[in-house]
Amino acid sequence: MGLLQTTLAAIYPPSCLGCGEMVDSDFGLCGSCWGQTEFIGGASCDSCGTPLPGAAIEGVIHCDDCMRDPKPWAHGRATLTYSGMGRKLILQLKHGDRQEIARPAAGWMRMAIQPLITEKTLIAPVPLHWLRMAKRRFNQSALIAKQLSDMTGCDWCADLLQRPKRTLSLDGKTRQERAEMLDGAIRINARRKHRILGRSVLLVDDVMTTGATLAACTHACVAAGAHQVCVSVLARVTKDT
């Protein structure tokens, strides 16, 4: 096996996820691309993951938006801001068929979610409507959720949630317009309802903008008997991105 791995490495040397340059190990970023990736460190909102000024402090803090309009889930974490290389990687994952990006994405997210999960946590991705799924062939959030399950040992359910109502793109819509468009758009899969009763659920998505989709998912989980819902996203859209 060692010889095979050495041979494969010689033929297909590890390359940067962002630019394709050679790097030391698989699923990594070169120094330049790493510098263009804005990881969220220090203080951040406990609900939506938005980075806040200053260093990390003990206790729960919230951004102004979440204090004015509290999110329905218990805790939320984001790993990157949706800018620079972070945005490029997500677009490549969603639209460029770069499914290998899901593994390092989950690795980056794992550290942020560790305090939110227990051995009984059920991980579930935000669903796609079946027409979008047929066009794209995969759900990028499900790819990340599966990797998080493998890394944490938590159960996961790819089809816990369903999206029976097709919605237009939410880009550019107001918070109210997003909420109205998503009304009735997400439900619990009746065949999977038994898996959620009394359990904590970790919802996984690639990007959070207003949080309307995650809110709809949260309401569906709570109505089906979830004990608690937390959310984890790879990237957070911020006001300056």
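Throughout, read-outs are computed from the coordinates displayed, never taken from laboratory work. As the structure is a prediction and not an experimental result, all values here were calculated from the model. Because the Cβ atoms are built from the backbone with ideal geometry, glycine has one as well, and the counts that use them run over all protein chains shown.
Before moving on, here are some points about what is shown:
- For the chain, relative contact order (Cα pairs under 8 Å, six or more residues apart, normalised by length) works out to 20 percent.
- Subset of LYS94/LYS193; LYS120/LYS146; LYS94/LYS239; LYS94/LYS146 violating a 20 Å alpha-carbon distance limit: LYS94/LYS193; LYS94/LYS239
- Extension gain for the segment ALA223 to LYS239, taken as residue separation times 0.36 nm less the Cα-Cα distance, is 2.6 nm to one decimal.
- Within the shell of other residues whose beta carbon sits under 15 angstrom from the beta carbon of ALA112, the net charge comes to -1, with Lys and Arg scored +1 and Asp and Glu -1.
- Of GLY184, GLY84, GLY54, the one that fluctuates the most in a GNM where the chain has Cα springs shorter than 10 Å: GLY54
- Converting phi to 3J(HN,Hα) with the Karplus coefficients 6.51, -1.76 and 1.60 and the offset θ = phi - 60°, segment 59-64 yields x, 9, 10, 10, 6, 4 Hz in sequence order, with x at every glycine or proline.
- Sparse-neighbour loop sites [GluC sites (Glu not before Pro); segment 53-130; at most 15 other C-beta within 10 Å; DSSP]: GLU58, GLU119
- Positive-end ranking of ALA190, PHE39, ILE117 along the dipole of the chain, with charges on Cβ about the Cα centre, is headed by ALA190.
- Amide proton proximity set for ARG77, modelled H, under 5 Å, gap of 5+: VAL231, SER232, VAL233
- Given the chain, longest segment not containing exposed loop trypsin sites (Lys or Arg not before Pro) (DSSP; at most 11 other Cβ within 10 Å): 1-119
- Phi-based couplings in Hz for segment 143-152 (Karplus 6.51, -1.76, 1.60; Gly and Pro marked x): 4, 5, 4, 4, 5, 5, 4, 4, 6, 9
- Segment 126-222: chymotrypsin sites (Phe, Trp or Tyr not before Pro) in DSSP loop, at most 16 other beta carbons within 10 Å: PHE138
- Among (i) 56, 37, 32; (ii) 52, 38, 35; (iii) 53, 44, 36, the entry derived from the coordinates for Cα extents along the principal axes in Å: (iii)
- Stretchable slack from GLU21 to ALA134, in nm (0.36 nm times residue separation minus alpha-carbon distance): 37.4 nm
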